[in-house]
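The next block holds one structure in the form of C-alpha cells; read it before the comments.
The values are calculated or read from the model by the stated rules, or taken from the named source; none is laboratory data. As the structure is a prediction and not an experimental result, all values here were calculated from the model. Quick reminder, even Gly has a Cβ in these numbers, built from the backbone with ideal geometry, and neighbours come from all protein chains shown. Quick note on the areas: whole protein, heavy atoms, side chains included, nothing else; ligands and nucleic acids left out. Shrake-Rupley method; radii C 1.70, N 1.55, O 1.52, S 1.80 Å.
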Amino acid sequence: MLEKRNTSKRPKQPVDPLALLKPLNVFNLCLLSEPEEGGHSTLYCLITMLTSTNLLSRIIKKKRHKKPKTKTRNKRQETKEDPIEQDELEEDTGGFNLKTSAPSNTYGVQPLGNLYFNRGSINSRNTGLGNLQILTDELVLDILGFLDGTQLGVLATVSKSFYVFTNHEPLWRNLVLDKLNGEFLFNGSWKSTYIAGIYPLFDVSGCSSLKVRDFYSDYLFQSWLCASLEMKPEWLERDNIVRKKGISVEEFVMNFEELNKPVLLERCIDNWAALQKWDKDYLVSVCGDVKFAAGPVEMRLQEYFRYSDQVREERPLYLFDPKFAEKVPVLGSEYEVPLYFREDLFSVLGNERPDYRWVIIGPAGSGSSFHIDPNSTSAWNAVIKGSKKWILFPPDVVPPGVYPSPDGAEVACPVSIMEWFMNFYGATRNLKRRPIECICKAGEVIFVPNGWWHLVINLEESIAITQNYVSRRNLLNVLDFLKRPNAGELVSGTRDRVNLHDKFENAIESTFPGTIDQLVQKAEEKKAQEKKLSFWDSVTDSHAGAFKFSF
C-alpha cells in the first residue's frame, strides 16, 4: 500500500502574504527594522541576500501558487525584546506526556498562550523582527528557506528573534537533503549534520544553543511538541477491526473483498523467512552499498539506520522503496504474497505496470498522513518488525481535519500525524460513523480496501512490506479511475499516465477475454437488485411505518 499520497501543510495564520510582499522593495525593507543596541539592523544581512538573488519576486511567485491551508492561528504582536537566558525554561506541554528521549525545547520557545499568564512579558519574537513582525511565522520561514547555510548563519547574529528562526531544524534538513542528497552521516541535528558535511574540519561537538527568554510562538512550539510527545493511551485503546485467523480465500472474498471491508489477518505469513531474518544487522549486511528511497533522497541502510536511531523530529524520513526486490533480489525471495491477494490483474502489463510493492522502514513517529491508495487499488500491509497504529475511514467519510481538492488530486491536512492526533482525534468520538482502528503487530497483515482513507503511524521502529493490487472485485473501479479526465494528475507510479487505461483494458481483454463484459453485467444486475422493492417495501411507508393504500 502506498502510504504517501498527500500534501501536508501546517495550518496558516490569517495574513495575506501577497498583500504584504507586493509593496516591499529593497529601499523600504531598510526601514522595516530597528537596530538592536550594539548590533546590526535586523535586515542588514538579509537585504544583501535578497537583492543578490532577486528573492522577493521569487517569494511573491511562490505565494501566488500556494494552496490554502486548513486552519488559522492567531499571533499576538509585541514591541520589546528581552535578553537571552542560559537557564532551562519550563516546558508547557498542555497535559501531554513527553518521550523519555525527547530533548528539551532547544531555544526556549513557548506556546503563545503562556504570554497571557506572564504579566509584563514582551514577546521577544516581535522585537527582533522589527516591523517584519507582521509576517506570519510560516512566511518568515518560507523566506529564510531561500537562503543557504552561510546566509542563515550570518542572519542568526542579527537579533535574538532571527537566531531562533534561523535555527529552525526543518530549514537545515532541507539544506542537507538538497546539498548532500543521501551522502550524509546524521550528527544528532540537521544543522550539525550540514556543518559536518560541508565543513568536515569544523568541530561542532562542543557547540551549545542559547535559550531566548519570552519567545512565544505556537507555530515553532508545536513543531517541537509534535516531535516530543508520547502517544496518549486513549489514542491507542480503540481496536474495532475484525480479526480473522485461518479463513479460506472464499470466505475472505465473500465477507471482506466483495463488501470492501477492512480485516486484520493473523498467522498468514508465518512461513516468511523475512519474519526471522529481517533485523537491522541482517539488512545492512545483505544490502551493502545499495541505496533505497527515503523521502526525496536515496540512502544506504547503514546511514539510514544511523539517522533513525538518533532522530527526534516531527516528520522523520520514511524509507519507502518500490524497487527493493529488483535492487536486492534476495529480499524478494524471502517473502511471498499471502494467498488471499494472489489475483493481481495489473500483472498483465508486465514491466509497464505501475509501482505496486514497497519495503517500508521507519522509526517511531514516522508514518503516513490520511490518504487514499493510488489508482483505486486495494492493498495489503504486512508488519515484519515493530507495530503500527491504523485509523481507517470508509470512502464516503472524509476524516476530520482533512480537506481533499474537488478533483481528488491533492489533500490538505495537518503537517504531521501527531498534530492530527492532538487536534482532531477527539472529534472521531462524536462521529455517527466512527473509524476502524487497530494496532497491527509483527506477523499480522491488514487488508485495506480501495477508496478507504487511512492514516498509519509507527509506534516503534518498524519494518513492513506492502503491495497494491487489482482483483476482479475492484477491476471496474480501477478502469473507471484510469479514464478520468484528469488521469494525468491522478494516476501514479507510471510514466505513461494518460495511456495506462487503454493499455490495461486491452491487456485484460487479451488475457481474459470477456471478463470485463461479465463484470459489467454483474454490476448492473446487482444495482438493479438493490433498487428493486420487496413486497413489504411496496405496501408500507418506510418513513411513517404505516401501510399505504394506493391500489
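Identify, by number, the condition in (1) open to solvent by 40 Å² or more (accessible area, probe 1.4 Å); (2) within 30 Å of F305 (Cα to Cα); (3) not basic (K, R) that N499 doesn't meet.
Condition (2) is where N499 drops out.
Just to be sure I understand, how many residues within segment 184-193 are without any contact (Cβ under 8 Å) to a residue 24 or more places away in the chain and open to solvent by 90 Å² or more (accessible area, probe 1.4 Å)?
0
Suppose the filter is within 29 Å of V359 (Cβ to Cβ) and open to solvent by less than 80 Å² (accessible area, probe 1.4 Å); does T494 pass it?
yes
Among residues belonging to segment 194-210 that are among the β-branched types (V, I, T) and within 12 Å of G149 (Cβ to Cβ), point out the one that is most open to solvent (accessible area, probe 1.4 Å).
Applying the filter and picking the extreme gives I198.
Would it be correct to say that A382 is under 23 Å from R267 (Cβ atoms) and either open to solvent by 10 Å² or more (accessible area, probe 1.4 Å) or more than 16 Å from the chain's Cα centre (by Cα) (or both)?
Here the answer is yes, as A382 does meet what is asked.
Is there any pair linking a residue in segment 283-306 that is part of a strand (DSSP E or B) to one that is crowded, with 18+ Cβ neighbours inside 10 Å and acidic (D, E), with Cβ under 7 Å and at least six apart or on different chains, and which?
F292/D321; A293/D321
Considering each of P363, P406 in turn, give the residue that is open to solvent by less than 40 Å² (accessible area, probe 1.4 Å) and either acidic (D, E) or farther than 30 Å from G246 by Cα (or both).
None of the other options fit; the residue is P363.
Pick out, from segment 172-261, the helices (runs of 4 or more DSSP H) lying fully within it that include 3 or more residues that are touching an Asp or Glu at 6+ places or on another chain (Cβ under 9 Å).
Correct list: 190-198, 218-228.
It is to be established whether one or more residues within segment 325-334 are within 16 Å of V470 (Cα to Cα) and of a type outside the set (A, V, I, L, M, F, W, C).
no
Out of N499, N423, which single residue is at pLDDT below 95 and farther than 17 Å from S369 by Cα?
Residue meeting the stated conditions: N499.
Can you tell me which residue is nearest to M299 (Cα to Cα) among those in segment 345-357 that are of a type outside the set (D, E, K, R) and either open to solvent by 10 Å² or more (accessible area, probe 1.4 Å) or part of a helix (DSSP H, G or I) (or both)?
Top of the filtered list is Y356.
What tally of residues in segment 127-165 results from selecting those that are under 25 Å from the mean Cα position of the chain (by Cα), open to solvent by 20 Å² or more (accessible area, probe 1.4 Å) and among the aromatic types (F, W, Y)?
Counting residues in segment 127-165 that are under 25 Å from the mean Cα position of the chain (by Cα), open to solvent by 20 Å² or more (accessible area, probe 1.4 Å) and among the aromatic types (F, W, Y) gives 1.
Say we look at segment 325-344 and pick out the residues that are hydrophobic (A, V, I, L, M, F, W, C) and open to solvent by less than 70 Å² (accessible area, probe 1.4 Å); which of these is farthest from the chain's Cα centre (by Cα)?
The qualifying residue farthest from the chain's Cα centre (by Cα) is V330.
Got a sec? Which of G350, G362 is more than 17 Å from the chain's Cα centre (by Cα) and either closer than 19 Å to L317 by Cβ or modelled with pLDDT under 95 (or both)?
Matching residue, one of G350, G362: G350.
Look through G408, G451, G493 and report the one residue that is under 30 Å from R267 (Cβ atoms), part of a loop (DSSP other than H, G, I, E, B) and small (G, A, S).
From the options G408, G451, G493, the qualifying one is G451.
Just to be sure I understand, how many residues within segment 445-480 are open to solvent by 30 Å² or more (accessible area, probe 1.4 Å) and either closer than 21 Å to T377 by Cβ or among the acidic types (D, E) (or both)?
The number of residues fulfilling the criteria is 7.
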